[in-house]
Structures are given as C-alpha cells and as structure tokens.
There are 2 protein chains.
Amino acid sequence: MECVGLLVIVLLVIIEVENGFAKLRKRDFQVEAQGHGANMCEVLEKQGTGEQFYPDCIRHNRVKRVCDSKTFIRYQCCSGYKKVEGKSGCPGLKPLKNLVESLKDLGLTEFLRLLKNTDLEDNLAYQGAFTIFAPVNEAFSNLSYTDRQRLYPWTYNAPSIMHYHVVSGRQNYTDFRRHKEVPTLYYGEKKIRINKYSFGVGAVNCARITLPNQLATNGIIHVIDKVLKPLDYIGSIADVILKNTMYSTFATVLYRAEMVEFLRDNKHYTVFAPSNSAFERLSESLRRKVLRDKATAQAVVKYHIIKGVYCEDAVIISCGLTTLEGDRLTFRCRQDGSYVDDAKVIQGDITAKNGVVHGISKVILPDSVKDMLQLSRDLSLNTFVELTHKTGMEDELETRPDFTLFAPSDAAFAALPPVYFALLQSQPSAMERLIRYHTINGKIKMNDMVGEQSFQSGLDSRLKVNVFRNGITLDDAQFLQSDKECNNGIVHIINKVLIPPEQRLKELIAADADISTFKAAIDTARLSNSLTENGQFTVLAPTNHAFRVMRSSELDKYLNNPPVLRKLIERHISNKTVISCGITPESIYTINSKQSEPIELYRNGRGTIWVNNYAKVLSADKIALNGVLMKIDRILACETCKNP
Amino acid sequence: MECVGLLVIVLLVIIEVENGFAKLRKRDFQVEAQGHGANMCEVLEKQGTGEQFYPDCIRHNRVKRVCDSKTFIRYQCCSGYKKVEGKSGCPGLKPLKNLVESLKDLGLTEFLRLLKNTDLEDNLAYQGAFTIFAPVNEAFSNLSYTDRQRLYPWTYNAPSIMHYHVVSGRQNYTDFRRHKEVPTLYYGEKKIRINKYSFGVGAVNCARITLPNQLATNGIIHVIDKVLKPLDYIGSIADVILKNTMYSTFATVLYRAEMVEFLRDNKHYTVFAPSNSAFERLSESLRRKVLRDKATAQAVVKYHIIKGVYCEDAVIISCGLTTLEGDRLTFRCRQDGSYVDDAKVIQGDITAKNGVVHGISKVILPDSVKDMLQLSRDLSLNTFVELTHKTGMEDELETRPDFTLFAPSDAAFAALPPVYFALLQSQPSAMERLIRYHTINGKIKMNDMVGEQSFQSGLDSRLKVNVFRNGITLDDAQFLQSDKECNNGIVHIINKVLIPPEQRLKELIAADADISTFKAAIDTARLSNSLTENGQFTVLAPTNHAFRVMRSSELDKYLNNPPVLRKLIERHISNKTVISCGITPESIYTINSKQSEPIELYRNGRGTIWVNNYAKVLSADKIALNGVLMKIDRILACETCKNP
C-alpha cells in the first residue's frame, strides 16, 4: 500500500509564482515550531526567495543547495493536517473532499474558472478517479494569444486543452520514475510525459511539479508551474530546431552530420542547440570543418545530445550528463540561470514530441575535434600555451600529426628556479628545445606504457618511463592527468618540467664538487667506464663529508685495496632506476646493489628517504642519460667487502 | 590517476579452487593482526569455506552475506606490500616485476606452463602493456578434451586459446563497468565480455575475477576461476537453447512466441531456460496454452528474459532483476545453489555470444497467464483457496471472465469468531454467499476507486469504498496488497472478512438491547424512518448506561420535548461514513453532525477513539446497508438543543 507515503506532504499553503518559481504564502495556521511534532513535515526552503520543495519532491540527503543558493529546513503541517488549539504538532486530520473542492482549497482559481467552460467540471466533482496536473494561477498569465484561445473549447473545433491536464486513475507522485508517458483525457489519448530525477524533482512536459500528491476522495492533484501544451502538435526535436531561425547554423550541421532523421526518432533526447552567434564565435578553420566535414559535424552534434529528458525548470542542482559521444557534461543551475559546462542556456525547455531542446550561447566542443593548441588552452595549460606562442610553435601544435605531448602544469613551470626560467625565456631556441623534449611521435596512452620503456623525444635524449605501484613516472615527473585525446594527438599533464639530461652518470658525478671523493674512488677502482654504459642505473653517491667522517683506518683499507674498493662502490650502484615518488610514504622499497646486497629505501611521511635505516638521501631524482643519481650522507655498510 | 586505487589489493596469497570457489591458502608472511596498519587491507571472508573477496571486488557496505553464508573481515597486507620484521602494518613495498615473473609469484603454474607452447611468453616478459585474465591452476583440470586440445596451438591450425586470455594495454578493474567488450590477442580481435555488478563482483565470459589488479611493470593480471572459451564459436542464446535437447520444449515455446530471432540479436540478455521436465509439471491446460497460444507463449518467454548479463558464478548476493515483461524476479545465491524466485538453477552460466543461459527446474509464470485460482494459490491465500475448494467454486475462479476479487488474508479468516466460522463451514451455501460477496464484475484497480463509491457484489448488498488520507477502505476492511492481475481478473488482498450487512441502521439499532433507550428516543422523536433511507450515515449510539448516568432533570427535558429530542438525536448522526482505520492514530478527524455541530473523533496510539474529548467509542465499524454504527459511553453535549 503506497498510501502511507502520502502523509508526508504539506498542504497548508497556497501558491503564488514569483520569478517563474512557486512561492508559498503562509496561511493563518502555518506552523512556526522549529522542532518535530505529530504530522509535521520537513520542507526544504531556498534562502531568500521563499521557494519551497516538498518532501516527496526532493531528496534532502542529495540536495543541499538549490540553483547554487543556500537552503534550510522549515517545519510545517504535513499535507491534510492542521494545528489544533492547545496541542503540539498537527493533530487535526482534514477529511478528504472531491477534486473540485480540493482545487478550490488549493486556491487554483484560474484553473477552476476555465473548467467551467468544459464538461470536465461535473466529472471532476462526481466521477473518478482522476489525476489533475493543475497549473498555478500565474501560469495562465504568461500564455501566448493562441495558447490562451486553445483553453476555450469554442474557439477551435476541438476540446479545450484543459483536458490535457487530466488523467484517468490516481497517479501517485511516488510511483513516477525517470520517464513515463501517460494518456490524458485530451482526445482520450494524447500523452503527457512525466520525468522524475534522482534528486526527487519531477516535471510534466517540463512543467515542474511544485506541490505533489494533494489527495481528494475521487483522485489526486499535482500542482505545476506552467500550462501544458500537447506534445504532438509541437513536432520532433528535429522539427523544433529546423523551424527556429535562431538555430539555422546548427540545423546545417545536423544535415551535414546526417542526424536529422535520428532526432525525428521516437527515443527521447535532450539537445543543447548552440545559437547561430555561438557558431560565429568559433575559429574560422574550425567552423569550416564543422560545417563541411561529416565526421566532425557528427562528433560535435553527438556532443550536444543526451539520452533522456532533462528539463531546465526541473534540474535545480548540478547534474553530470553523458553525451552520445560518451563524454560527460555538467548541467548546472546557478543563480543567474542554467549552464551546460560553460555554455549558458539562453532559451530553456523548448519541449518536443521526443524530448527537449535548450538553446545555448556557445558551441561545446568534444576534445576529438580540437587541435592540440585548443585542447591545451581548454586544459588551462596557460604557461605552456604562452611559451609555445613566444617560441612560434603554435602552428606545430595545431598541425603536427599524431603526436604525444607531456605538458607541464602551470605549477610545474612556477616551480622552476626563476633564474633558469628567465634564462630560457631569453633564449627562444633553448626554450624550443625544452618544449620539443616534451613531445614524442605517435599517440601513446598511459595504460600502454611499460616499465623501463624509453621514448625518442624531439631531442637526442630519451624520455624514460618507470612503473611503480602508486603510478607511472616519466623521468622524474608524475602524471596529473592522462590520455586527453584531440584530433592530432594525446596530451598528458605532468607535475614537473622535464629537463633534458645531457650527461651520462660519469660526467654528472664528475661535475659535482660535493662528491669528488666518490668520483676519485671510482677512478681508482677503474669503474668510471661502467658509468658511461647504456642502462637505467641508480647511483647512491656518498658526499665528501661522508668519506671524511669514516674512520680513517677503514677508509685506508678500501683505498689501498682496489678490488675491495670496487665492491664498495658497486654496493652503491643498482641496475634499476628508482624515482623517489615511486616509493609509497612510510614504506620500504628494496632493490639490489650491483654487488648483490639489498638497498632498502624507506620514505617517511615527510618525504625524506633513508637508505638501510642508516644513510639519509640529501638529493634524489637527478636524471642522467643512463640513470639517476642520489646523494647520501653516509657510506653504506658492505658485508662482502669485509670477507673478500 | 587511477593508480592510487591499486594499493588496496591483497597479494600475499596463492589460490586454490575448492568446490568451484577460489580459496586462499596462507603464506608464511600472512598477517594475523586483527587491527588496521599501514598498507593493510580488509578482505571479506566467507565463514567456513575460506573463500575471500578482495576490496576492489566487493562493496563491503552492500554485501553482508555471501551466498547466504555469514562473512567476516580479515586484515591482510594490501597487494604488493609485505610485513617487515619488527614493524607494524605492511611497510615492505615490493618492486614490480614483469608479467611472466608476476604470474610465477601468483603461483599460476598451469597458465605459465601452457604459455611456453606459444609465442606469448616472450611478449609477456618483454613487451607491453598487456592485461592477462589468468585462470587458477585448478580451472585447467575441469576442461573437456576438445577444450584442452584448443590450448595447444599445434592441434588445430589455429592459435592457442591462451591468446584469448590476453588483452592489449592495462585494463584496471576499477575502470570496468556493467558491460564492456574488449578485443583480445586471439586472432587479434576476438572479444571477451566483462561484466561488473553493483555489489563489486566482476566476471569475464562468466568466469569470476577472484583476484583483480595484480600489477606488473608491463601490465596487469586479473586471476579468474575458469578457462575462457571464445564467445564467437558458441553462437547466440537462441543457438545455445535450440541445440540443447534438455530445453527442447522451451525451444518450441520460443518458436511459438516468434522470439527466436530476437535472441539472435546483438543485444545482451540473460535467459532462464526451464527444462523439459519443468514444462511437464505445468497443468495440462496451461501447458497446452503456453505451447499453442502465441500471446501466452510470448508472455511466458519474456518473463524468463532479463536485459544484461547476470552470471551465476558472479551473483553472490540476492539481486532483483526486471524481466522483459516488466516484473521483478529475484536471483539468489544460496548455500545449496542459485535460485530465480523459487526455480532452482540446474545448469548455470551457459555462455553465448549475446548473453548467458541458465537452465532452471521450474517454469516461472507471470501473473498475466495464471487464472484466479492459480494466482490465489501463489499469493498464499490458503484459507480462501481451501474454502473455494470446499464450496466447489474452484471452476468459477478459473473460468469466470473479468472480475475483481477482494480476498481476505489467512489472518483475516483466523480473526473470525470460531463459532461463526464453524457455522459457515457447516453451511456450504452460506459460505458460497460469503465468498460471492467478495467478488464484483469487471476489473477494478485500487487507483480507480473513488470515495463513497459502492460496488454491486455477488449479493444484493453493495460493497462500500471510502477514501482516507492513509488509504482506501472497503466496508470496514483495509487493503494489504492490491492490483494483482491475472488472465481473468484482479485480486486485492484485504485484512478482514467482509460480512454482508443485511439490515439498515434502524434494524441494526433495534437489534441491540444495549442501546434500547436510544432506540426508544428515536421512536419518540419520530426519526426512525430517516434511518432506513439510502445513504452512508454514521450513527454514534449512546448506550443505555449513558442515558442512565445523565442527570434525570436534563434527561426529562429532552424526553418531554420531541423537537429538542430530535436535535439531540441528530447531534449523534452524520451523513458521512467513518471507518475507524481511516483516522490516523493521534489525530482528530472532524465531521459534522446532521444538526451541524462538529463531531471530533480522536484516535489515540492504542486505537481507542474519543468523541469530542468526552465520550469513548465502545465499538466501531458495525456495517449496515446504509451506513455504519458506533456505540459510545456518553451522550454528546448539544449546544443548539439548549437554545431552541
């Protein structure tokens, strides 16, 4: 029995539309109590406007803000109950009346007045059961002349459209689902379309149900905010768009995409139709492509179509919608109107037989029709876009076929040493080399990358991939976003600017005065050639200070015995590359040294890395052509060095 | 970046299949801690069997029992982590290895052994990235001879089916959705079908993924519980059913319903196919109808088809599924096997190119093909069915066209006075009259009923409907279930046995010695005729005791003045019927008396009704032909009687 659900509705209100929304005026017996009580209901009220949402019409747990405005809960008598002098809560249970009397009690005087012109009035008083979708009084004042005439049966040789507001049987709001079509009494069959959304709001032909489930002895009344127009006479979505000159460019694109018939289909869609001026704001080349190339036209059109009917009047929160193209758009109600992504709805809720059309101010482009420059802009890669402009590489981003771009985020550029960044900016050719290092030929998705793979970049040096449990690294950078695909490539956003290494480990070590003792030891042990070999090594280089604090007797033992010294140095080298961010915080990552003792790298919560619970890593992730260099503050203990 | 999600997987296990389920054997370093710790994961374990469900594979908040068995949470190291001597939690982070080495670490030796016969081994070690769906060792021992041969590339002039287990790129479990088809390396294109359910479990071609997201440097491994067979070679759902002689009757029904081509479609379905013996258990007449009548065959077939693929192996909790017919079935995993409603799955997971077939032991019938007798049985209206049998009315229930039955529940019959019930049972004709009073011609749905409507029952007396805020009443009964429609009518289940009234209010009052003073007063006031009029009155009759406790001076004032007495009696009569259950507990329901003073009926939480905060209702809901009688313990105060 669904009847129990009906108790939680509030009735003690009459309705007044203000700014297109139903606003509820307090009656004498409205409850002012702030707490619960018998037969009291929680009504969600939008702050400032007084607009209210009844329990059945909203899911409190899902809706915290309405059209980006704050809300609060007001306690009122539930539908059908009233206050009783001297008693708490709302114990007064009002006996049910017939539909006509109930309409009167709800103050729906315009609807009642128009009923008198029809044969409906007697039926609604004495027959049943019926469901009435009754528009508020103010809805009748916004009608066009023709629509108003249709309300009177004698104007046209046709029944009044009042019949279109009445359905046979009791249709309870709680039984409405996502999509339902119900025949009305209009010509005994013409259907209305009821949509109810996951957050609780429902609409009939995109007229919002503002007060649901008002019970009568012979039926039920749902108050709505607009007068309904029969969908049959409006035509399909395609017809609506084709006959509106505001959308003639979009109509042309629809023809080019060969999707006009598709939108005449019986399946239900929501179409966001960009206005002609929206198309004019596209770049010349892109507009031409959209208008002339079928595949592009189709991609663009599909990006503006959503399965199902989403009415502007009913979507009062942010909704993620999936386009026919497969991507997600956000349909959002703000204080100044509705938006789909950043396109504003300029003409909402143009209903059609098979859905609804919303006119919008901007063409929303799928990534697949953008070029790399446009995509970079839309991804807010501002510094990157600015630098490509300065180096004259914009054309290359627009036209280079099938490539992959690893674009550093703005924060990554900001983290560069200012002196280095200034130097780069003063040398366009160096900057161009740097940018080119961030590109590779071919489209590579993140999920196709493999550990210890390396890519041929625009320069001689290769980009090195490492796969860790917590993600993938490219040189010493991590991926912030991946797999953004446009018409000429894929972009991944990374968290560091990649600096092309120009030295092998041998030279990198030689260039650092702070590890000159280690360098000397390598030379003594005749190991320096092995550090020029190809590979992906990790070298843990103890600083000069680390050598100084070693007991001199022990140090001498090594320096005087080249085979043992060799072992000691190999104790500090691994054939595996480790990038610090690949080590999960508070975990121990173990690799083997060249001489087969374990190197246990422990990264604490603050990011400091300790080796073998003994030496501290002073700097990590210094990239060489054949590996990576870490500096440590102690010489690692070497078991095999002791017993040669 | 989705990689962070990978941390919450447990690896420290090897897998062993027992009773068709993956069971996990503890390794030396398995964590025995009962609390949380760094890199520790919650694994759901089925009590008794040891079967485990990993975090990505199950939603803990949605699954409390697995196949009707209790579960508990075990804490283990997350995938890729291990215990470290002397440290809490699982801080040891294991470096990634390539796919072949990772398969070895997972103990998937059978899969590895068969890899050696193919060119895949080298690829999996050195190329990438790939996703492997690797069956546990035990899966290979359950194969048919032919299937086993297909694993070796030299047997047939075809690649090994091992290729069907490998997909290009990293396919993360968390990215799987309800339905996904993915091309494998088998002939470079043959697709596998991945289904993931709302409760977290996922399956590939109905092989359950028992251990997901085992990372390798060059890909990812998902452990599954069966060897995969290419869907293409199996054929469509229709083919599967038509070539299996166990389902030849169902195949005949499919042809009769003209739905064979429908099941060759590319859309994906789950079909519950009743075995031949299931059809033999249907009644002769119904079986004939299902086999010969197209509409019936179609209704039955559609009742066995679900959109989407639901694998028996993966549905480990109760799932409500919607049939093509629109009704809901429950697919349930119990300790002794799977059931759909009360039909047992006797052959599960017969995969097909466009879905899956489960053989079942019983035909599940939609209400629309049942007759009223069958439907009453299936609704467990046991006493009602027994009484129709005793009175020989079974045929009528089976064959009477288009009628509505108000069937009292078993509890309603049990609540009858035993003497009355015994009397009825001894008089079949009285019983038949009673049953007939519960039927009306035509199909009436609850949502079409109207307040103060009355139906012509099988007897002279009419059934009276009243609509209250908390539901609809029929005479003094409430609806427990409504609108159950079968092929020859609609049944509503009600909470009381309806006793046909045989008297008007006048006679009902006269028959009750306890209110004889009231009766005498009515006669004196010459109002008795008004209590024989047609209508739906409520009479609140004060008992003799109520008159006795009245001050005799006041009583005399009334008795000596017939016009005032008349007002006093009309003070106790209303033109509106009230049934006590229509008054919400702790609410005040107000009607007007004939003489226009309010009658406020307050029902407290225990069901006692008070009138005007003064008189107590001693008995309510006594039904007469023209209204209802309540007895009260006080005479109501009468304002208008005082000032005539």
Of the residues in the stretch A:434-473, those that are closer than 25 Å to B:Asn98 by Cβ and among the aromatic types (Phe, Trp, Tyr) come to A:Phe455, A:Phe468
Those strands (runs of 3 or more DSSP E) completely within the stretch A:129-219 that have 1 or more residues that are charged (D, E, K, R) are A:180-183, A:191-196, A:207-216
The residue that is least open to solvent (accessible area, probe 1.4 Å), considering only those in the stretch B:449-480 that are within 12 Å of another protein chain (Cβ to nearest Cβ) and at positive phi, is B:Gly471
Turns out the strands (runs of 3 or more DSSP E) fully within the stretch A:462-529 with at least 3 residues that are touching a strand residue (DSSP E or B) at 6+ places or on another chain (Cβ under 9 Å) and of a type outside the set (Val, Ile, Thr) are A:462-468, A:477-486
- Could you say whether any residue in the stretch B:435-448 is crowded, with 16+ Cβ neighbours inside 10 Å, more than 8 Å from chain A (Cβ to nearest Cβ) and touching a residue at least 60 places away in the same chain (Cβ under 8 Å)? yes
Just one listed residue, out of A:Asp483, A:Asp523, is within 13 Å of chain B (Cβ to nearest Cβ), without any contact (Cβ under 8 Å) to a residue 60 or more places away in the chain, open to solvent by 30 Å² or more (accessible area, probe 1.4 Å) and among the acidic types (Asp, Glu), and it is A:Asp483
Flag for A:Gly326 being out of contact with any strand residue (DSSP E or B) (no Cβ under 9 Å at 6 or more places or on another chain) and free of Cβ contacts under 8 Å to residues at least 12 places away in the same chain: yes
How many residues of the stretch B:301-353 are of a type in the set (Lys, Arg), under 20 Å from B:Asn276 (Cα atoms) and outside any strand (DSSP E or B)? The answer is 1
Exactly one of A:Val340, A:Val357, A:Val385, A:Val363 is aliphatic (A, V, I, L, M) and more than 30 Å from A:Lys229 (Cα to Cα), and that one is A:Val385
Checking A:Gly92, A:Gly107, A:Gly50 in turn, the sole residue that is surrounded by fewer than 19 Cβ atoms within 10 Å (Cβ to Cβ), touching a strand residue (DSSP E or B) at 6+ places or on another chain (Cβ under 6 Å) and outside the structural domain of A:Pro183 (by TED's automatic domain parsing) turns out to be A:Gly50
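For every residue, the table says whether it meets (1) open to solvent by 30 Å² or more (accessible area, probe 1.4 Å); (2) of a type outside the set (Asp, Glu); (3) farther than 30 Å from B:Lys445 by Cα; (4) away from chain B (no Cβ under 14 Å).
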| position | (1), (2), (3), (4) |
| --- | --- |
| A:Asp232 | yes, no, no, yes |
| A:Ile237 | no, yes, yes, yes |
| A:Leu242 | yes, yes, yes, yes |
| A:Ala257 | no, yes, yes, yes |
| A:Phe262 | yes, yes, yes, yes |
| A:Asp265 | yes, no, yes, yes |
| A:Arg281 | yes, yes, yes, yes |
| A:Glu284 | yes, no, yes, yes |
Every listed condition ((1) outside any loop (DSSP other than H, G, I, E, B); (2) open to solvent by 10 Å² or more (accessible area, probe 1.4 Å); (3) touching a Lys or Arg at 6+ places or on another chain (Cβ under 9 Å)) holds for A:Ala546 save (2)
- Task: For the stretch A:178-188, state whether one or more residues are surrounded by 20 or more Cβ atoms within 10 Å (Cβ to Cβ), of a type outside the set (Ser, Thr, Tyr) and under 19 Å from A:Thr351 (Cα atoms).
- Result: no
Could you tell me whether any residue of the stretch B:120-135 is farther than 28 Å from A:Val465 by Cα and surrounded by 18 or more Cβ atoms within 10 Å (Cβ to Cβ)? yes
Checked A:Lys104, A:Lys97 against criteria (part of a loop (DSSP other than H, G, I, E, B) and more than 8 Å from chain B (Cβ to nearest Cβ)); the one match is A:Lys97
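The values are calculated or read from the model by the stated rules, or taken from the named source; none is laboratory data. Just so it is clear, the structure is predicted and the values come from calculations on it, not from any experiment. Virtual Cβ from ideal backbone geometry, glycine too; neighbours counted across all protein chains shown. When the accessible area is computed, the model is the full protein with side chains, heavy atoms only, and any ligands, DNA or RNA have been set aside. Shrake-Rupley method; radii C 1.70, N 1.55, O 1.52, S 1.80 Å.
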